[in-house]
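What follows is a single structure, written as structure tokens, with notes after it.
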Amino acid sequence: MSDNGEKPAPIEKVSIIISKGSLDGIYPGLIMANGARAEGIEANLFFTFFGLDAIHQKRVDHIKVATVGNPGMHMATLVGALPGMSGIATHMLEKKMEEFDIPPIHEFIEFIGDTGAGMYACKASVDLFGMSEDDFVEQVDSVITVGEFYEIAAGGQIIFT
Amino acid sequence: MSDNGEKPAPIEKVSIIISKGSLDGIYPGLIMANGARAEGIEANLFFTFFGLDAIHQKRVDHIKVATVGNPGMHMATLVGALPGMSGIATHMLEKKMEEFDIPPIHEFIEFIGDTGAGMYACKASVDLFGMSEDDFVEQVDSVITVGEFYEIAAGGQIIFT
Amino acid sequence: MSDNGEKPAPIEKVSIIISKGSLDGIYPGLIMANGARAEGIEANLFFTFFGLDAIHQKRVDHIKVATVGNPGMHMATLVGALPGMSGIATHMLEKKMEEFDIPPIHEFIEFIGDTGAGMYACKASVDLFGMSEDDFVEQVDSVITVGEFYEIAAGGQIIFT
């Protein structure tokens, strides 16, 4: 793949930011973190803005697909806006995921945490939404500032999802 | 630009992930890949989740702008939700793009492929949506895992769009 | 955090791309740029596509939260589509931000510019939307191509938001 024929040093660390609160906004980051750990790559997850829902004990089991504003869902936009459609799309996607052994978000977070991945919540967002460390699933290591995030991310790749 | 006055080594490789299925979600990644190739930078495109539409033979020519949920479109949200509005916004943006020599997605993918950029589909998403390698445009090199993606991305920048 | 126990070199530069035109699409990039400058990390902001609204003199003060297509907002999707709801959600979030000393976008851009961060508009998008350099707030250094962006970003992390 490299132009000079030399093999570049492998990626040693990824720091993945999860900023969206929809099923289709959260899974890509989890899948990339899980894929990294499977290759022995250090992985840190940083939850910010609506992405905090993925680690919020009371919200993590109620996350839905974003049907409206998502032409990729192949549904007429207005139908996507009808109450219940997001639930149906979510149910369909969840069934598909089960079939391919992709766990629900809650379990997936536990699984990724067990592989040794770091999990952090963004302090500014936690304050903004009036949350506290007690609201989060136990896999979350701590609430950190953006500056602390950059320290943790040093020497690796930052992936904002 | 650098604080110590020394010029840093130029970027040699970018690995761009396209995860969204809307016109405004796909173009930024393509423009960044094309801009990289124009500067002699190695570029790899990795299509995942709804971004797979961009390389799907039957879907690539029917991609629309995400009007609802996109305040940047400057249309009242409810109007954005009316059937047909996404089509009108898409038509307007496509006409503008034509004017500035930005090709339709299908052609753009061909063009970028011809510049030697690598193109890959994400295995987990391909399975999830029940697609197969035959569904994709011929510029796609192969269907790869997240682990293989990290290998290809080594030594460069990962850009998730 | 590092597997070999050695401390990796700190991050010296971040180049943050802002591509979305909603309040929740713009703030994460600004907060990450601001957090970088606070740690003495070089920061460059690159505004593209609908993200150009954040530096557009006539638009920056009218940016709204994306309520529809954003399940993270915890509102029924259809309610999110009613005219005015985006305005109410925006008002609520803005009040919260004021409480935590997070400035409005316009002021935040001025503040970040004053810390010495570079600010650039994407040429392709500027052309596409028929804008010109005169439309932008004074903190914007210049309109640049994707190739020039890669030059500026060399030696640092690229973060696409």
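Residue by residue through region B:11-39, note down the ones that are under 12 Å from B:Ala117 (Cβ atoms) and over 9 Å from the mean Cα position of the chain (by Cα).
Within region B:11-39, B:Lys13, B:Val14, B:Ser15, B:Asn34, B:Gly35, B:Ala36, B:Arg37, B:Ala38 meet the criteria.
Assess whether C:Pro10 counts as being closer than 30 Å to A:Glu42 by Cβ, at the interface with another protein chain (Cβ under 8 Å from one of its Cβ atoms) and assigned to a loop (DSSP other than H, G, I, E, B).
Criteria met by C:Pro10.
Could you check region B:123-161 and list, in sequence order, the residues that are part of a strand (DSSP E or B), in contact (Cβ under 8 Å) with a residue 24 or more places away in the chain and in contact with a Ser or Thr (Cβ under 9 Å, 6 or more places away or on another chain)?
B:Gln157, B:Ile158, B:Ile159, B:Phe160
Conditions (1) under 17 Å from A:Tyr27 (Cα atoms); (2) aromatic (Phe, Trp, Tyr); (3) within 14 Å of chain C (Cβ to nearest Cβ), marked per residue:
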site	(1), (2), (3)
A:Ile109	yes, no, no
A:Tyr120	yes, yes, yes
A:Phe136	no, yes, no
A:Thr145	no, no, yes
A:Ala153	no, no, yes
A:Gly156	no, no, yes
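Which of (1) surrounded by fewer than 16 Cβ atoms within 10 Å (Cβ to Cβ); (2) of a type outside the set (Ser, Thr, Tyr); (3) at pLDDT 95 or above is the odd one out, the single condition C:Gly155 does not satisfy?
Of (1) surrounded by fewer than 16 Cβ atoms within 10 Å (Cβ to Cβ); (2) of a type outside the set (Ser, Thr, Tyr); (3) at pLDDT 95 or above, only one is false for C:Gly155: (1).
When you scan region B:89-104, do you find a residue that is within 30 Å of B:Glu151 (Cα to Cα), modelled with pLDDT of 85 or more and under 19 Å from the mean Cα position of the chain (by Cα), even just one?
no
When you scan region C:32-53, do you find a residue that is more than 9 Å from chain B (Cβ to nearest Cβ), at pLDDT 80 or above and within 18 Å of A:Phe50 (Cα to Cα), even just one?
Yes.
Taking the options A:Ala54, A:Ala36, name whichever one is touching a helix residue (DSSP H, G or I) at 6+ places or on another chain (Cβ under 7 Å) and farther than 21 Å from A:Val143 by Cα.
A:Ala36
Output the number of the condition that C:Val68 fails; it satisfies all remaining conditions of (1) modelled with pLDDT of 65 or more; (2) farther than 30 Å from B:Gly35 by Cβ; (3) assigned to a loop (DSSP other than H, G, I, E, B).
(1)
Which of the residues spanning region B:54-66 are surrounded by fewer than 24 Cβ atoms within 10 Å (Cβ to Cβ) and either away from chain A (no Cβ under 12 Å) or in contact (Cβ under 8 Å) with a residue 60 or more places away in the chain (or both)?
Once the filter is applied, which keeps residues that are surrounded by fewer than 24 Cβ atoms within 10 Å (Cβ to Cβ) and either away from chain A (no Cβ under 12 Å) or in contact (Cβ under 8 Å) with a residue 60 or more places away in the chain (or both), region B:54-66 yields B:His56, B:Gln57, B:Lys58, B:Val60, B:Asp61.
Just checking, how many residues over region A:123-134 are surrounded by 19 or more Cβ atoms within 10 Å (Cβ to Cβ), out of contact with any strand residue (DSSP E or B) (no Cβ under 6 Å at 6 or more places or on another chain) and either facing chain C (nearest Cβ under 8 Å) or β-branched (Val, Ile, Thr) (or both)?
2
What number of residues within region B:4-47 are of a type in the set (Val, Ile, Thr) and surrounded by 24 or more Cβ atoms within 10 Å (Cβ to Cβ)?
Qualifying residue count, region B:4-47: 5.
On the basis of being touching a Phe, Trp or Tyr at 6+ places or on another chain (Cβ under 6 Å) and assigned to a helix (DSSP H, G or I), does C:Leu52 make the cut?
no
The values are calculated or read from the model by the stated rules, or taken from the named source; none is laboratory data. These numbers come from a predicted model, not from an experiment. No Cβ is skipped: glycine too gets one built from the backbone with ideal geometry, and neighbour counts run over all protein chains shown.
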